[in-house]
Amino acid sequence: MNIISTVLKSLNSTIRKVTVTTLGKGLTRTPTEAAPFGSDTNPVASMQAVYMDTVNSSTPVLVGYFNLDAIAQPGENRQYATDADGNRVFYTWMKNDGTFEIGGNANHMTQFEGLQTAFNQLRTDHDAMVAQWNSFCTDYIPGGPTVAGLPLVGIPATLSSHNLPLTNSTADITPAKLSNIKTE
């Protein structure tokens, strides 16, 4: 027999037992919770559950809960956690447009390797510019005539190996952006 029940409390153990009261019967029972493989959830009090007796009447089970916050679209998978009062506090949502939201959708996540590559390029460009600046400062003659874009009139031998004028860095962190995973 299947009976709609209300969760009173859950008991933590290797096999979760959930104390429920059955509607219409007023009985309190403690069946074993049956859940999908790989899913470890712990219901909060006052959730509506489906209680089921089995052929072995000493082994009743809860086979599921009514989701009163169902907003996933066809083909989507949404998991969420609540506080003890049933208020949602965090979620993950695999959407049918190929995105995966983790706690929100305002920001993008990044791949460390892509971000590290861009950072290393920026650091290399910065170090090269520092070397050119240091060379300029070493060779500069205070009060000496200069030409726009060059530190001294002509290019002294000590500067001939440098790429003057300086160019902007080509570092780009765009490859680090994961467009299909978004987070808060």
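Laid out as a table, the results:
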read-out: Contacts under 9 angstrom Cβ, first residue in region 61-77 being of a type in the set (S, T, N, Q), partner surrounded by fewer than 13 Cβ atoms within 10 Å (Cβ to Cβ), 6 or more apart; value: Gln73/Asn96
read-out: The lone exception for Gly103 - which of (1) touching a residue at least 60 places away in the same chain (Cβ under 8 Å); (2) on the phi < 0 side of the Ramachandran plot it fails; value: (2)
read-out: Filtered residues of region 72-86 (kept if surrounded by 12 or more Cβ atoms within 10 Å (Cβ to Cβ) and in a loop (DSSP other than H, G, I, E, B)); value: Ala72, Glu76, Gly86
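None of the figures in this text is laboratory data; all of them are computed from the coordinates on show. Just so it is clear, the structure is predicted and the values come from calculations on it, not from any experiment. FYI the Cβ positions are ideal-geometry reconstructions off the backbone, even for glycines, and counts take in every protein chain you see.
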